[in-house]
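Shown next, in C-alpha cells, is the structure this report addresses.
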Amino acid sequence: MSKLENAVPGYKHLVVEPYTPNIGATIRDIDLAKIGDEGLRAELRKALAEFQVLFFRKQTLTPEQQIEVAKVFGDPDKAKAFFPRHEKHSVIEVLEARPAGHRYGTDQWHADITFSANPPTGTVLYSHVIPQAGGDTLWASATAVYDSLPRHLQLYLEELEAVHSFEHSGWPQYFAQLEEGDAIYRQARADHLPVVHPVIQTHPITGKKIVYVNPNFTDRIKGLSRQQSDALLAFIFAQFQRPEFQARLRWEENTVAIWDNRATVHYATADYDNQHRLLHRVTFGEDRTF
C-alpha cells in the first residue's frame, strides 16, 4: 500500500495516516525544522484538533526550532511544571532519567498541569536519548471516553466540578529529595492553591465534550462525600484504560510527539530500569484554556 492510499483526505500539505481508529496520527514526509508556510501550519493545527496526538519520526530540531514548532499551536511561555529547565531556553523543560537517579511520577494517567487555573493547551515532546526497550508513552482520548458513557451519566457529570491539586500528585515526594526541598515545597504550595475545573469541558475548536479529570491531579468531586467521589472518579479513570481509546508510542531517537492537552490524558511507562532517557518538552497555551 502506498503512503497516499492510507492518507486522510482533506490535507494538501501533509500526509496524515491514522495511528488508531480513535486517537492519533502519524505525519509523513515533513521536516519540522521547515514549517514557515502558513498553509502548512494551518494544516498542522487542523490535524492536531482532529487526531489529538501527532507523531513525527526522524526529526532533527535545535532548541530554537522546537520552540518555533510550539508557536504554531500556541504560546510556549504559559504554564510549566517543576521539571529542570534548559540552560539557554527556559521554556524548554528537561525530562531526564539517569541510571540510579530520580524518576518523575508520571506513570499514571494525567493531563499536564491541571492543578493550574489555566493549564497548557498542548505539548511538543522531542526525544534525544531513548532506552533500548521500554519508556513508551500512551495517550487516551478524553472525548472518546465521554462519548462511551451512558447519556444519563454524561448529563450528571456535566453538572459537577472537581478539585485539582499538585499535592495530589508525586511532586511533593520529588521535592523531598531535593536540597532545600522543604522551602521549594512551601513556595510551590503557596503558588499553586487547589483549583476547580468542570468535570466535563467543551473543546473550543472541535466543540466536542471532554472528560476533564485525571488520577494524577484530580483530588475530589465537589459536593460529594469522599466515598462517593472516590467511587465515581475510579469508574471514570478506568475508562482511560480501555485499549480502544489509546495510542501507544514506541519512542525512537529524534521522534516528536505533539498532543492536545485538553482532549487527552497520557501515561509515561516507567519500565526501563536503569537506562538513560532524555526528552525536551515545550508546553504551549493560550490566555484561556477553555
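The values are calculated or read from the model by the stated rules, or taken from the named source; none is laboratory data. Quantities reported herein were computed from a predicted structural model and do not represent experimental measurements. For neighbour counting, all protein chains shown are included, and Cβ atoms are generated from backbone atoms with ideal geometry for every residue, glycine included. The area values use the complete protein model at the heavy-atom level, side chains included, leaving out ligands, DNA and RNA. Shrake-Rupley method; radii C 1.70, N 1.55, O 1.52, S 1.80 Å.
Per atom type, region 109-159 shows carbon and sulfur on 52% of its accessible surface, probed at 1.4 Å.
What the Cα convex hull of the chain gives, in volume per residue, is 141 Å³.
Ranking of T143, T106 by solvent-accessible surface, largest first: T106, T143 (1.4 Å probe, protein heavy atoms only, all chains present).
Projected label points at D287 and Q154, each 7 Å from Cα along the beta carbon direction, are separated by 3.2 nanometres. Taking only the C-alpha atoms of region 1-114, the Rg (one decimal) and the largest Cα-Cα distance, Dmax (whole number), read 16.3, 48 Å. For D271 and E179, the difference between the fully extended length at 0.36 nm per residue and the C-alpha to C-alpha distance is 30.4 nm. Can you list, bin by bin at 5 Å, the percent of alpha carbon pairs in region 79-137, starting at 0? Once binned at 5 Å, the Cα pair distances of region 79-137 give 4, 13, 23, 29, 19, 10, 2, 0. Each label point was placed 7 Å from the Cα along the Cα-to-Cβ direction; for R248 and F83 their separation is 2.2 nm. Here the simple spin-label model places points 7 Å from the Cα toward Cβ, and for D147 and A42 these points are separated by 2.6 nm. Diffusion coefficient of region 188-286 by Stokes-Einstein, Kirkwood radius over Cα pairs, 20 °C, 1.002 mPa s: 129 µm²/s.
When a 1.4 Å probe is rolled over the protein heavy atoms, the share of accessible surface on region 175-244 that falls to carbon and sulfur comes to 51 percent. Per-residue packing, averaged as other Cβ atoms within 10 Å, sorts the ranges 261-274, 35-48, 127-140 into the order 261-274, 127-140, 35-48, beginning with the highest. For the pair S225 and R186, a Förster radius of 25 Å applied to the C-beta separation gives a FRET efficiency near 0.25, rounded to the nearest 0.05.
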